[in-house]
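Novice: Structure below; questions to follow.
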Amino acid sequence: MWSFVKDHKWLSMTAIALPVFVLGLAIPQSIVVPVRGAGPADWNHETFWHEPWGKSGVHKGIDIFAEKGTDVLSATDGIVIFSGKFGMGGKVLAVLGPKWRVHYYAHLDSSVVGFGHLVRRGKHIGFVGQTGNARNRPPHLHYSIVTMIPFPWRVDESSQGWKKSYYLNPSKILLKAHRRQNTQ
Ligand SMILES: [Zn+2]
């Protein structure tokens, strides 16, 4: 009897979780460059997985340079899953977007959205700053894309190469997005 109840509970959990999971995958991912007015000339295309990179060892994202106070925009539609201080990132935002990918925005001067907020692609979510370990560097947005569904075929021999299963190269994704934005 009890095992039936447990199984039943498990089944109904699956019945809810599975469509949510599939829905997450099915939502098309459409991205914009997450700093207002920024283009490919504003980030270094070679710094993804660059090393040495301070305490992190390797650089798991890209830095988009802009004047302090420039608007940071949400790259995708999504839900804010973290807003606050986070170690070397200083003031950060994490937004869960389509395809179970978390978009991470760091070194913000401030943010204008909080935990649980739904954001649309292109929505103003904060301001470029120098918080965390960007204190002595020119203001920039650190932007990472983390997939919660691992891509094990991306793993290679580089330092912390196993993490490439989770960290995607935002430079490639943004270049495509920028090209699309400018050919429409
Ligand atoms: Zn960075």
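The values are calculated or read from the model by the stated rules, or taken from the named source; none is laboratory data. Since the structure is predicted, the reported quantities are computational estimates derived from the model, not experimental observations. We place every Cβ from the backbone using ideal geometry, glycine too, and count neighbours over all the protein chains shown.
Novice: Go over the candidates I79, I64 one by one and state the one that is touching an Asp or Glu at 6+ places or on another chain (Cβ under 6 Å) and assigned to a strand (DSSP E or B). Step through it out loud before you land on a result.
Specialist: Details: I79 fails: touching an Asp or Glu at 6+ places or on another chain (Cβ under 6 Å).
Going through I79, I64 in turn, the sole match is I64.
Novice: Among the candidates S83, S74, which residue alone is more than 16 Å from the ligand (Cβ to nearest atom), closer than 29 Å to A26 by Cβ and in contact with a Phe, Trp or Tyr (Cβ under 6 Å, 6 or more places away or on another chain)?
Specialist: Only one candidate qualifies: S83.
Novice: Could you check region 95-108 and list, in sequence order, the residues that are in contact (Cβ under 8 Å) with a residue 60 or more places away in the chain and away from the ligand (no atom under 16 Å from the Cβ)?
Specialist: G97, P98, K99, W100, R101
Novice: I'm told V92 meets every condition in (1) more than 15 Å from the ligand (Cβ to nearest atom); (2) outside any loop (DSSP other than H, G, I, E, B) except one. Can you identify the failing condition by its number?
Specialist: V92 satisfies every listed condition except (1).
Novice: Quick check: anything in region 8-19 surrounded by 11 or more Cβ atoms within 10 Å (Cβ to Cβ) and either within 17 Å of G129 (Cβ to Cβ) or under 19 Å from the mean Cα position of the chain (by Cα) (or both)?
Specialist: No.
Novice: Select, from P138, P152, P170, the only residue that is touching a residue at least 60 places away in the same chain (Cβ under 8 Å) and exposed (fewer than 13 other Cβ atoms within 10 Å of the Cβ). Working first, answer last.
Specialist: Numbers: P152 fails: touching a residue at least 60 places away in the same chain (Cβ under 8 Å); P170 fails: exposed (fewer than 13 other Cβ atoms within 10 Å of the Cβ).
Residue meeting the stated conditions: P138.
Novice: Looking at the structure I just gave you, is K163 more than 13 Å from the ligand (Cβ to nearest atom) and surrounded by 16 or more Cβ atoms within 10 Å (Cβ to Cβ)?
Specialist: yes
Novice: Given the options K68, K123, name the one that is at pLDDT 95 or above, more than 23 Å from K163 (Cα to Cα), buried (at least 17 other Cβ atoms within 10 Å of the Cβ) and of a type in the set (D, E, K, R).
Specialist: K123
Novice: Hey, does region 115-134 have a residue that's within 16 Å of the ligand (Cβ to nearest atom) and more than 14 Å from E67 (Cα to Cα)?
Specialist: At the first step, the residues of region 115-134 found to be within 16 Å of the ligand (Cβ to nearest atom) are 126, 128-134.
From the residues that got through so far, the ones that are more than 14 Å from E67 (Cα to Cα) too are 132-133.
Yes, region 115-134 contains at least one residue that is within 16 Å of the ligand (Cβ to nearest atom) and more than 14 Å from E67 (Cα to Cα).
Novice: Against the condition touching a residue at least 40 places away in the same chain (Cβ under 8 Å) and surrounded by fewer than 17 Cβ atoms within 10 Å (Cβ to Cβ), how does I145 come out, does it pass?
Specialist: Numbers: touching a residue at least 40 places away in the same chain (Cβ under 8 Å): yes; surrounded by fewer than 17 Cβ atoms within 10 Å (Cβ to Cβ): no.
So I145 does not fit the description; no.
Novice: So S111 clears everything in (1) loosely packed, with under 15 Cβ neighbours inside 10 Å; (2) more than 16 Å from the ligand (Cβ to nearest atom); (3) farther than 16 Å from D77 by Cβ except one condition, right? Which one?
Specialist: For S111, the failing item is (1).
Novice: Working only within region 50-59, note down all residues that are in contact (Cβ under 8 Å) with a residue 24 or more places away in the chain, surrounded by 12 or more Cβ atoms within 10 Å (Cβ to Cβ) and either out of contact with any helix residue (DSSP H, G or I) (no Cβ under 9 Å at 6 or more places or on another chain) or at positive phi (or both).
Specialist: Once the filter is applied, which keeps residues that are in contact (Cβ under 8 Å) with a residue 24 or more places away in the chain, surrounded by 12 or more Cβ atoms within 10 Å (Cβ to Cβ) and either out of contact with any helix residue (DSSP H, G or I) (no Cβ under 9 Å at 6 or more places or on another chain) or at positive phi (or both), region 50-59 yields E51, G57.
Novice: While we're on this one: Whether any residue in region 31-49 is within 16 Å of the ligand (Cβ to nearest atom), in a loop (DSSP other than H, G, I, E, B) and surrounded by fewer than 11 Cβ atoms within 10 Å (Cβ to Cβ) is what I want to check. Talk me through it step by step, then tell me what you get.
Specialist: Here is the first cut: in region 31-49, the ones within 16 Å of the ligand (Cβ to nearest atom) are 33-35, 38, 42-49.
In the following step, the residues that additionally are in a loop (DSSP other than H, G, I, E, B) were identified as 33-34, 38, 44-49.
Those still in the list that are surrounded by fewer than 11 Cβ atoms within 10 Å (Cβ to Cβ) too: 46.
Checked region 31-49: at least one residue is within 16 Å of the ligand (Cβ to nearest atom), in a loop (DSSP other than H, G, I, E, B) and surrounded by fewer than 11 Cβ atoms within 10 Å (Cβ to Cβ).
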